[in-house]
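The values are calculated or read from the model by the stated rules, or taken from the named source; none is laboratory data. This is a predicted model, so every value here is computed, not measured. Note that we place each Cβ from the backbone using ideal geometry, even for glycine, and neighbour counts take in every protein chain shown.
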Amino acid sequence: MTVDSQGTATAGPQDAPGRAAGKSQTPPPSSGPKEVLQPPRGRRSLPSGVLPYLLVAPALLSMAVLLLYPLIRNVILSFQQLNRKEFITRETVWTGFDNYTELLGDGDFWTVVVRSVVFTAVNVALIMAIGTAIGLLLNRLGKKMRLVLSLALMFAWAMPIVASVTVFRWLFDEQFGVVNWLMRTLGFSGYDQHNWFETGFSTLVIVLILLVWGSVPFVALNMYAGLTTIGSELYEAAKMDGASGWRTFWAVVFPNLKSFFMITTFLEIIWIFKAFAQVYAMNLGGPDRGSETLPVFAYIEGVGQFHYGVAAAISILTIVMLIAVMSFYFRLILKEEEEL
Amino acid sequence: MKRKLIAAIGVAGMMVSIAACGSDSGSDKGKDGGKAAGGDKTLTVWVMDGSAPDAWMAEVNKAFEAKHPGVKVKVEKQIWNGIQEKVTTALSEDTPPDVLELGNTQTAGYAVTGGLADLSGDKATLGYDAWNKGMVASNELDGKLYSAPWYAANRVVVYDKAAFKKAGVTPPKTRAEWIDGLKKLKASDPKSQAIYLPGQSWYVLAGLIWDEGSDLAVKDGDKWKGNLSSPEAVSAMNFYKELASYSTAPKDKDEATPQQSTDIIPKGGVASWIGLGWEAGGAIDAMKKAGKTADFGYFPIPGKTADKPGSVFLGGSNLAIAERSKNKDLAKEWLALAAGKEFMTKYATATEGALLPNTDSAQFKPAAGSFAEAMAASSASGKVTPVTPGWANVETAPNPIKDYMTKVLKGEDAKKAGEAADKVINERINQQ
Amino acid sequence: MSAATTTPTPQKLRTRKPLTVGAVAKNLGALVLAVVFVFPVYWMFSSSLKPQHEIMTKDPVFVFTPTFENYKTATGVDLFWTYVTNSLTVTIGAVLLALVVALAASFAIARLRFKGRKGIVLIVMMAQMAPWEVMVIAMYMISRENDLLNSIPMLTLIYFVMVLPFTIWTLRGFIAAVPVELEEAAQIDGCTRGQAFRKVIFPLLAPGLMSTSLFGFITAWNEFAMILMLNKEKESQTLTLWLTQFQTAFGSDWGATMAASTLFALPVLIVFLFLQRKAVGGMTAGAVKG
């Protein structure tokens, strides 16, 4: 499954910008739940006074208290030596930038950073490609088959992570795995006790399958729902123009669901980059630390070794990196905001 | 401060209703339980799941509560998963559990933090002099006593009597006989595993290293350093590799993933394996449930020569008192009672000798041919991992000893892999 | 199929449509995908009905006599109903709280023009990147200082802030999608601004509210790291910790773990099926108009 989709995955993003730009003259869809003649979007510039501030105050306040404040505390911790001893005696030992310089000078840290970035990129590309493909498929299926497939997707989405990691470990188990059994049954040799977790790379491939499996339902179901908002007359028009399925996608579907793609990709990048339980529980970051991603590294070096100060420093660096990677997205989304 | 801010958010009404839901179970327990009005006290004891038979624990508490009217003992069973974080945070709180069970390889790591009460002055009441000397070491750090030993256990070889009989093998006394027997077992039933030995059973390796007269880590001046690249460790590891060559167990897993006792042995096809008392019991139970009958024999891990069985890791637990406990005196009394001779004798009887009590004279007389008999035979050669606060860091995942073993089993040179592992151990063991 | 709107009835459509290679491939592909996605779930469920010795086997067991032993073990633990109550309390509490607070904020962001609006949008976006798992230590220390350990309200509030940014984000898109003219019309009819919101916008938001509740529900329901650290007392723990308690050093009761996981997934599934129609549409409507 993954092998087949790889092609679409790599082809998709590369083609995207040029084609989409070329076809931007597509008529805007008549969106919105009600039929209105004028474009439904728009905000009236009212002299709103204090009202908006009152409305956003609860949200901002609660985020300030329960998100910003812990985050600041986290920054403070990152300048301390906070090992088990300091933690229990509640001593405060300032070490300045020691945690940071130690990390940034550590070759292992950078290996993990590169691995995390590549892992996230491949993962998100696959999730978006497969999710989009399944969303398109859902849109073209008959009623019954559509129900079957969406139910299957929902089941996968609802499965608790603890259970899905355990089941995936079983499926790929060396001695009792269903996958080894399947390979044997299909007549492949060498799968009597094949170790799927032989290397860090192979372990990450299994984690990748798990993450793709777990994330695709979100993308696919939303993609499908998004497609239903595109008026059928647009497809008709494209068909009359003699456009192929591929071209219809880039000419009709993509421009209309651009925001959907942008936001979903944004969320998936965050979720995958931060994924911890799936990576850690699969093989504890092994073998020989070969499947550690950044959150796992933070856990092992920080919490596992009771170096909470180091853990805090890693988390701050993680945020900085995420913001750097995402700044492109922020700009895009803010630009959309202006057009709103 | 937080409460005020929360109120300011303007969702106070919401809060009240939520609090009302939660308060029926939570509010008056725990936090103030230790110093509640009316003179009633609660002594909180954390024990690990599976450490103490329920009936025995109930008896201890009944005796204790009879002596101390108005005091209630609350036993909370903990699971091993994530216990280190849990104990660390608990010791930092104002109302920690009063008494806690700690693994003996981890006790020193907590002792150095100041989170455990110093029990040096209570040696007499705790019965220090009668304790098993092998078990005392892990309770002390820099001449001070931080906990009382509770129980210990060591591994023996468990074998399938029928398979041994068929191959004409009798329990070996030396390593040479052991290997010889494995060869015969393999010849008699090539489809079975003569021994099930996963690649990362590092406690077994530790025993082999001790047999060579060396250790996992050695003290060098006032620092510790890893010792896996030493010639002794290399020859121990090579012997492990020889043993493992009679097994098809995964090279990159330990005995708990998958759990050998319940997930491997009951399926059959294994002539022998190395395990603890509860593992043997678990395997027998699991086989019963699957409609099979276990016919196990037991022998100590063979030593290099016939006069002395192989060294074994003496794993076990200690009981400590939290420094921040509000009921230290009561806790000490409870500790003296539970870990005292009377109740340790009962403990040994309740566990049928599967666990060694902290006092030799409390020992249960094991039945002939039982697990307990084989275990007692080798417990004299029992040892613990290096007693230093940093050892707990070495053990945490990813355990460098485990990675080292996997590498060697997959063909890497033992000395070279040992050097890499020593580097990690050096980094971790000297940190507190 | 949806494109063929000119066809009068579905029956005719079916008869007219020849069984093309494409149609077969499409349905076959969908079937294979459904199997792939459902298999791990099926495996969890079937394992929950197996006796221990049939769960891990060299050759997988597909035919077996189901047993409910594992469910008995799973639900028979001490305090099971306390965990259920706590889980429902924190999850539902957090979701409702988030909806109320987010509704106000997203209305302001989507409909009103004011200084600092863009900054707030940026904050909401960044807040979604919060590394909650690693902030556990800081959160623990704050709770310890303020005597908020083992507190269900505290946990509820943390989960509330966890799901708040996403909720604001989605609702904002949804409110923006409601034509401003509708609101104006209501105001011309003599409604105040507040009334216009209540009577016109709010009903149209139902799908958006549902989709965000679903997301919030899944997030809060599955949260693990915080509760593990903050709530040590069994009386204040939730079902996520219950899930892992069958894996002990003395062997894992896989059957009970899978039975517990199956039960654990049920509420999410029920909420999902219940909200499904509107929810899924809502999520995208929010995103599409984003």
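Residues in segment C:139-197 that are touching a residue at least 24 places away in the same chain (Cβ under 8 Å) and of a type in the set (G, A, S): C:S143, C:S151, C:G173, C:A176, C:A177. Within the bounds of segment B:128-137, is there any residue that is part of a loop (DSSP other than H, G, I, E, B) and within 14 Å of chain A (Cβ to nearest Cβ)? Looking for residues that are part of a loop (DSSP other than H, G, I, E, B) and within 14 Å of chain A (Cβ to nearest Cβ), one finds none in segment B:128-137, hence no.
Of the strands (runs of 3 or more DSSP E) that lie entirely inside segment B:204-280, those containing 2 or more residues that are more than 21 Å from B:A420 (Cβ to Cβ) span B:272-275.
Is one or more of the residues making up segment B:358-373 part of a loop (DSSP other than H, G, I, E, B), within 13 Å of chain A (Cβ to nearest Cβ), closer than 20 Å to B:L100 by Cα and in contact with a strand residue (DSSP E or B) (Cβ under 8 Å, 6 or more places away or on another chain)? Among the residues of segment B:358-373, not one is part of a loop (DSSP other than H, G, I, E, B), within 13 Å of chain A (Cβ to nearest Cβ), closer than 20 Å to B:L100 by Cα and in contact with a strand residue (DSSP E or B) (Cβ under 8 Å, 6 or more places away or on another chain), which makes the answer no. For B:G114, the conditions (1) buried (at least 17 other Cβ atoms within 10 Å of the Cβ); (2) touching a Ser or Thr at 6+ places or on another chain (Cβ under 7 Å); (3) farther than 27 Å from B:S261 by Cβ all hold with the exception of (1). Given (1) in the same structural domain as B:K41 (by TED's automatic domain parsing); (2) touching an Asp or Glu at 6+ places or on another chain (Cβ under 8 Å), where does B:E333 come up short, assuming only one miss? All conditions pass for B:E333, except number (2). Within segment C:60-81, can one find any residue that is within 29 Å of A:I272 (Cβ to Cβ), in contact with a Phe, Trp or Tyr (Cβ under 7 Å, 6 or more places away or on another chain) and either in a loop (DSSP other than H, G, I, E, B) or away from chain B (no Cβ under 12 Å) (or both)? No - not one qualifying residue is present in segment C:60-81.
Tell me, please, whether a residue that is aliphatic (A, V, I, L, M), at pLDDT 90 or above and under 15 Å from the mean Cα position of the chain (by Cα) can be found in segment A:276-283. For segment A:276-283, residues aliphatic (A, V, I, L, M), at pLDDT 90 or above and under 15 Å from the mean Cα position of the chain (by Cα): present.
Within segment A:166-177, residues that are facing chain C (nearest Cβ under 7 Å) reach partners that are of a type in the set (D, E) and not in a loop (DSSP other than H, G, I, E, B) with beta carbons closer than 8 Å, at six or more positions or on different chains, in the pairs A:F176/B:D263.
Pairing each residue of segment B:69-96 that is more than 9 Å from chain C (Cβ to nearest Cβ) with any residue that is among the hydrophobic types (A, V, I, L, M, F, W, C) and surrounded by fewer than 18 Cβ atoms within 10 Å (Cβ to Cβ), provided the two are 6+ apart or on different chains, yields C-beta distances under 9 Å for B:V75/B:A58. A single member of C:L241, C:L209 is within 27 Å of C:T73 (Cβ to Cβ) and either buried (at least 18 other Cβ atoms within 10 Å of the Cβ) or aromatic (F, W, Y) (or both), and it is C:L241. Here are A:V165, A:V124, A:V118, A:V148: which of them is part of a helix (DSSP H, G or I) and either out of contact with any helix residue (DSSP H, G or I) (no Cβ under 7 Å at 6 or more places or on another chain) or basic (K, R) (or both)? A:V118 is the lone residue from the list that is part of a helix (DSSP H, G or I) and either out of contact with any helix residue (DSSP H, G or I) (no Cβ under 7 Å at 6 or more places or on another chain) or basic (K, R) (or both). For B:K144, the conditions (1) touching a helix residue (DSSP H, G or I) at 6+ places or on another chain (Cβ under 7 Å); (2) within 14 Å of chain A (Cβ to nearest Cβ); (3) surrounded by fewer than 20 Cβ atoms within 10 Å (Cβ to Cβ); (4) closer than 22 Å to A:E91 by Cβ are fulfilled apart from (2). Exactly one residue among C:F62, C:F37 is farther than 21 Å from B:K289 by Cα and of a type outside the set (V, I, T), and that residue is C:F37.
Let's see how each residue does on (1) within 11 Å of chain B (Cβ to nearest Cβ); (2) on the phi < 0 side of the Ramachandran plot; (3) touching a Phe, Trp or Tyr at 6+ places or on another chain (Cβ under 9 Å):
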residue: C:V124; (1), (2), (3): no, yes, yes
residue: C:W132; (1), (2), (3): no, yes, no
residue: C:Y140; (1), (2), (3): yes, yes, no
residue: C:I152; (1), (2), (3): yes, yes, no
residue: C:E181; (1), (2), (3): no, yes, no
residue: C:E184; (1), (2), (3): no, yes, no
residue: C:A196; (1), (2), (3): no, yes, no
residue: C:P203; (1), (2), (3): no, yes, no
residue: C:A206; (1), (2), (3): no, yes, no
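Restricting attention to segment B:339-357, the residues being at pLDDT 90 or above, within 19 Å of B:G50 (Cα to Cα) and in a loop (DSSP other than H, G, I, E, B) number 1. Among the numbered conditions (1) of a type in the set (D, E); (2) under 25 Å from B:N104 (Cα atoms); (3) over 19 Å from the mean Cα position of the chain (by Cα), the only one that B:D307 does not meet is (2). For the structure I just gave you, tell me whether B:S379 is in contact with a helix residue (DSSP H, G or I) (Cβ under 8 Å, 6 or more places away or on another chain) and of a type in the set (S, T, Y). It is true that B:S379 is in contact with a helix residue (DSSP H, G or I) (Cβ under 8 Å, 6 or more places away or on another chain) and of a type in the set (S, T, Y). The numbered conditions (1) closer than 25 Å to B:D160 by Cβ; (2) touching a residue at least 60 places away in the same chain (Cβ under 8 Å) are all true for B:K341 except (1).
The residues of segment C:84-113 that are farther than 30 Å from C:N231 by Cβ and either in contact with a Phe, Trp or Tyr (Cβ under 8 Å, 6 or more places away or on another chain) or assigned to a helix (DSSP H, G or I) (or both), listed by number, are C:S106, C:F107, C:A108, C:I109, C:A110, C:R111. Taking the listed residues B:V73, B:V87, B:V60, the one that is over 18 Å from the mean Cα position of the chain (by Cα), part of a helix (DSSP H, G or I), surrounded by 15 or more Cβ atoms within 10 Å (Cβ to Cβ) and at pLDDT 90 or above is B:V60, with no other qualifying.
Return a yes/no flag: does segment A:270-280 have any residue that is farther than 29 Å from A:I333 by Cβ and at the interface with another protein chain (Cβ under 7 Å from one of its Cβ atoms). The answer is no; no qualifying residue exists. Restricting attention to segment A:106-164, the residues that are at pLDDT below 90 and either more than 13 Å from every other protein chain (Cβ to nearest Cβ) or closer than 25 Å to A:M321 by Cβ (or both) total 1.
Would you say A:V219 is under 26 Å from C:E223 (Cβ atoms), more than 9 Å from chain C (Cβ to nearest Cβ) and in contact with a Leu (Cβ under 6 Å, 6 or more places away or on another chain)? Judged against the criteria, A:V219 is not a match.
Take the conditions (1) outside any loop (DSSP other than H, G, I, E, B); (2) surrounded by fewer than 23 Cβ atoms within 10 Å (Cβ to Cβ); (3) of a type in the set (V, I, T); B:V408 misses just one of them, which is (2).
Among all residues of segment C:12-27, there is none that is touching a residue at least 12 places away in the same chain (Cβ under 8 Å) and not in a helix (DSSP H, G or I).
Exactly one residue out of C:E181, C:E133, C:E145 is closer than 21 Å to C:F224 by Cα and charged (D, E, K, R), and it is C:E133.
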